[in-house]
Amino acid sequence: MTRLALLTGFWLVVSAAFAVQIYALGVMPWATAAALALLDWGPWMVFSPLVIWLARRLPLGPKTWRWALPAHLGSCLIVVLLMEVLTSTLASRREDLFPPPPPPPPAHGRSERLRPFPGEHSPFDFLLMRLMERARVSVPVYWMLVAAAHAISHQRRSQERERRALQAEAHLTEARLEALQAQFKPHFLFNTLNTIAQLVYENPAAAEDMITSLSELLRTVLAVQQRREIPLREEIAFIERYCAIQRVRFADRLQVRYEIDPAAREAIVPALLLQPLVENAIIHGIAPGRTPGTVCIRARTAGDRLCLEVADTGHEHPETRQNASRALILKEGVGLANTRARLAALYGPQHAFSIERAGEGGVAVKIELPLRRPSTA
C-alpha cells in the first residue's frame, strides 16, 4: 500500500505541475487547466502499478528479451489505447477540450466544394490523430517505468546477494569458531590428563586431588561452552581453578600473580581466552626450569580498549640466551595459534595480538580488544 500511495502522490504532483504551466499561459481558468492536466496524467495512477508489475514478470535480459520485448511492445500499445479510451470517457465534452481546427475561409469570388481535409476530419482520422498525440507522451513514460522497475529489481537483487554473502560469511565464521573450540577442548583435556598421568606414580595423593579439581574445572567448561563471550571476572575465576590444578604438579615452583584493574573485571572477553596463554607460560616458561617461577596475569582498560597480558619469568635456557627471537617462535604452539585464529574471526582488524619479551625475563603475550561491557555486548 505504501508503494501505491507513493505512485499516486507522484502522479498528482506531475498533474499539478502541468496544470500550473497551462494556467500560466492565461488561456483558460485554473479549474479547466487542472482538469486537463489530470486527464492527461491521472490515468497513470492506475496503469503505472500494472506496468511495473509486468516489467518484473517480464524482465528484459540477455536470455529473455526475445519474448519479453514483443510482450512489452504489445502491452505499450494496449496502454496507449486504454488511456485514450479512459480519457475520452472521463471528458464529458471532448470537443471543448480538443476543438478541431476551424475550416479555411472560401476563396474570393469563388465557390468551391470543401474537401474533407484539412477543414474536416473523419472519425478514423481523428482517432488516429488522438492516438498519435497520446503515444507521443505515453510511450516514453511506459518505457521509463519499465527501466525504473528493472533498476529497482537489480538493486534489490544486489542487496539480496550482499545479504546472502554476509550470512554465508557469518556462517563460515561460526563454523570456524566451533571448529576452533572443538579443537581446543581435547587439547586442554589431553594436556591436563597427561599431567595427572605423570603424578599417578610419583604422588598418588596429588593425582587424586588433581582429578577432583579437574572435575570441577570441566563443569566450568561445560557451563560456558554455550556462551561465546563472558565477563573477564568469570574468565579469571576459571584461570584460578586451572592454576590450582597446575600447582598440584609444580608445588612451590609455580606462583601466579594477578594484576587486574577493577574497571576491567566486567569487560566482555571470549570464553576460555586466557587459559591457552597461561598454559603456554607454564609449559615453556616454568616447567623447563628448576627454580620457582611466576606467571603474571594483567588486565587494564585504556580508553575504549581492553589490554590483556600473560607474562612469565622464564628460565635460564642456553638456546634462549643465544637466539631470543627463535625462542619466541618456538613458544607458539597449538594453544596460541588457536587463540590467534579465534581473535581474528571474532574481531578482525579491531584486535591486536603480539608475543614480546617480558619485563620479568620471560615471554609476554599481549592482547588488545575493543572494550565492551555487558550492557553494550
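Observations
- Qualifying position, being within 21 Å of ALA135 (Cα to Cα), out of contact with any helix residue (DSSP H, G or I) (no Cβ under 6 Å at 6 or more places or on another chain), surrounded by 11 or more Cβ atoms within 10 Å (Cβ to Cβ) and free of Cβ contacts under 8 Å to residues at least 24 places away in the same chain, among ALA71, ALA37: ALA71
- Any hit, the range 244-254, residues being of a type in the set (Asp, Glu) and over 22 Å from ALA337 (Cβ atoms): yes
- No other residue among PRO270, PRO292, PRO288, PRO231 is more than 20 Å from LYS366 (Cβ to Cβ) and in contact (Cβ under 8 Å) with a residue 60 or more places away in the chain apart from PRO231.
- Test: PHE18 is part of a helix (DSSP H, G or I) and either of a type in the set (Asp, Glu) or in contact with an Asp or Glu (Cβ under 9 Å, 6 or more places away or on another chain) (or both): yes
- Among the conditions (1) touching a helix residue (DSSP H, G or I) at 6+ places or on another chain (Cβ under 7 Å); (2) at pLDDT 80 or above, the only one that SER215 does not satisfy is (1).
- Yes/no for ARG130 being surrounded by 10 or more Cβ atoms within 10 Å (Cβ to Cβ) and modelled with pLDDT under 85: yes
The values are calculated or read from the model by the stated rules, or taken from the named source; none is laboratory data. Just so it is clear, the model here is predicted, and its values are computed rather than measured. All Cβ positions, glycine included, derive from the backbone under ideal geometry; neighbour counts span all protein chains shown.
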